[in-house]
């Protein structure tokens, strides 16, 4: 597997496509109407405590209101031990007028129309549990110990990572990602020090009596680089000097070996009509992401429908003459890919074609467990329901692809 990362901007909208053999495997988009970016860090003021919601409404930057739920608060006891939220009412921890450091847990878009939703539904969710993402690890400065990501279930891999953690003696709060297993200990130490220095730099601004944005969360380009930097990358193509500089800065900091992969490309009208994406024949596949279905190579298809409560995916045989298991395996690969690229989240129910026995079900589940390892977001498989549907949940970082740029494809 060799990836290409293609970066382009049109009318203030940043597009980053990750492709393998010209097939889209990842798509990150930052629309111009994004108010809060996932991962942004604020020095925020508590405006009011809502005892009914057990939450606090915060002034994030003078213009934007965020909501902090009790479970996402953090404090220290008299001995300096970290206390996670939820153990007592939020009003016992915070009061109006307090200033606290918080981080957005999700991206937030400017509403297209005025609506009647309550403030708690309109406000981006934030947390006092701040983290900074690198290539090999996630740095959580409030934690007192280093650990391995809970997403890593392989015992052999966990054992390998545990032995590597012994090198991190001077920095605490590091969560090792699976990508750390294939690197040298000195690279882990280097990155841990870089992340700690970033943290120490930003907390210098966590003072004063004005709510401010201290650090923007990673943009679409930085997210794509972080998500894919441990995979074989053939080239990183950009069409503007700003994007070249952003890519170079990130790679010099976290992935020096990728600096030579960054290639500026000159194309006529590149930033006006997505010429670079068009050059690689990616516009049609992107348009197809806004259709309620995806076609399988064997002749079958999957139907993707969203409701207020969940996402439903239905697998259809169509003209495919293969066995039910073979069709389901292909459908699972495409369904997980579509979920990732469309950035679907919440509860997802997949209705596969009926299989003949438990052995086939286990084979399908094993296949899906491998597939979700490529997803940068947290995906959990909850198994089959009594009616035979597979239940999956996914925690999104940003709004769905449709919410971000669906307006551009309304007539598709």
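Each value in this text was obtained by applying a stated rule to the coordinates, not by laboratory testing. The model shown is predicted, which means the values in this text are computed figures rather than measured ones. Methodologically, a virtual Cβ is constructed for each residue, glycine included, from the backbone with ideal geometry; neighbour enumeration extends over all protein chains shown.
For this structure, a couple of remarks:
- Calculated log₁₀ intensity ratio I(q)/I(0) where the Debye formula runs over C-alpha points of region 2-90, q = 0.12, 0.18, 0.26 Å⁻¹: -0.63, -0.86, -1.27
- Cβ-based exposure ranking for 280, 407, 108, in which fewest neighbours within 10 Å come first: 407, 280, 108
- Angle between the chain longest axis and helix 155-164 axis [Cα atoms, degrees, rounded to 10]: 40
- Label-to-label distance for residue 231 and residue 391 is 3.0 nm, based on points extended 7 Å past Cα in the beta-carbon direction.
- Quick note on region 38-130: its Rg to Rh ratio, both from C-alpha atoms and Rh being the Kirkwood radius, is 0.98.
- Region 215-275 and region 311-341 have Cα centres spaced 32 Å apart.
- Placing R0 at 30 angstrom, the Cβ-Cβ distance between residue 33 and residue 284 gives a FRET efficiency of 0.75 after rounding to 0.05.
- To the nearest ten degrees, helix 241-254 and the longest principal axis of the Cα atoms of the chain are 70 degrees apart.
- Length released on extending from residue 193 to residue 98, taking residue separation times 0.36 nm less the Cα-Cα span: 31.1 nm
- Three-way shape label, the chain, alpha-carbon gyration tensor, a/c 1.5: rounded
- Each residue, residue 87 and residue 263, gets one label point 7 Å from its Cα in the Cβ direction; the gap between the two is 5.5 nm.
- When only alpha carbons are used to place a centre, region 346-412 and region 41-105 end up 33 Å from one another.
- Of 140, 93, 19, the one that fluctuates the most in a GNM where the chain has Cα springs shorter than 10 Å: 93
- Sorted fewest first by neighbouring Cβ atoms within 10 angstrom, 166, 398, 378 come out as 166, 378, 398.
- Computed E for residue 310/residue 156 - FRET, C-beta separation, R0 25 angstrom, nearest 0.05: 0.10
- Coarse-grained scattering of region 236-313 at q = 0.11, 0.16, 0.28 Å⁻¹, given as base-10 log I(q)/I(0) from a Debye sum over alpha-carbon atoms: -0.53, -0.80, -1.27
- Relative to the current alpha-carbon distance between residue 362 and residue 71, full extension at 0.36 nm per residue lengthens the span by 101.2 nm.
- With Cα atoms, 0 to 90° folded angle of helix 185-202 axis to the chain main axis: 50
- Cα gyration tensor, region 216-280 - rounded (a/c under 1.5), prolate or oblate: prolate
- Extension gain, residue 293 back to residue 273 (0.36 nm per residue minus Cα-Cα distance, nm): 4.6 nm
- Shape category assigned to region 153-267 from the gyration tensor of Cα positions, a/c cut at 1.5: oblate
- Efficiency of FRET from Cβ geometry, residue 241 and residue 166, R₀ 45 Å, rounded to 0.05: 0.60
- Summed over qualifying helices (DSSP H, 4 residues or more, each -39500 (n - 2.57)) and divided by its residue number, the chain shows a 222 nm mean residue ellipticity of -7500 deg cm²/dmol.
- Its Cα gyration tensor gives region 216-350 an equivalent ellipsoid, and the semi-axes of that ellipsoid, as √(5λ) in whole Å with the largest first, are 35, 17, 16.
- Shown for 385, 347: other C-beta atoms within 10 Å of each C-beta, ranked fewest to most, produce the order 385, 347.
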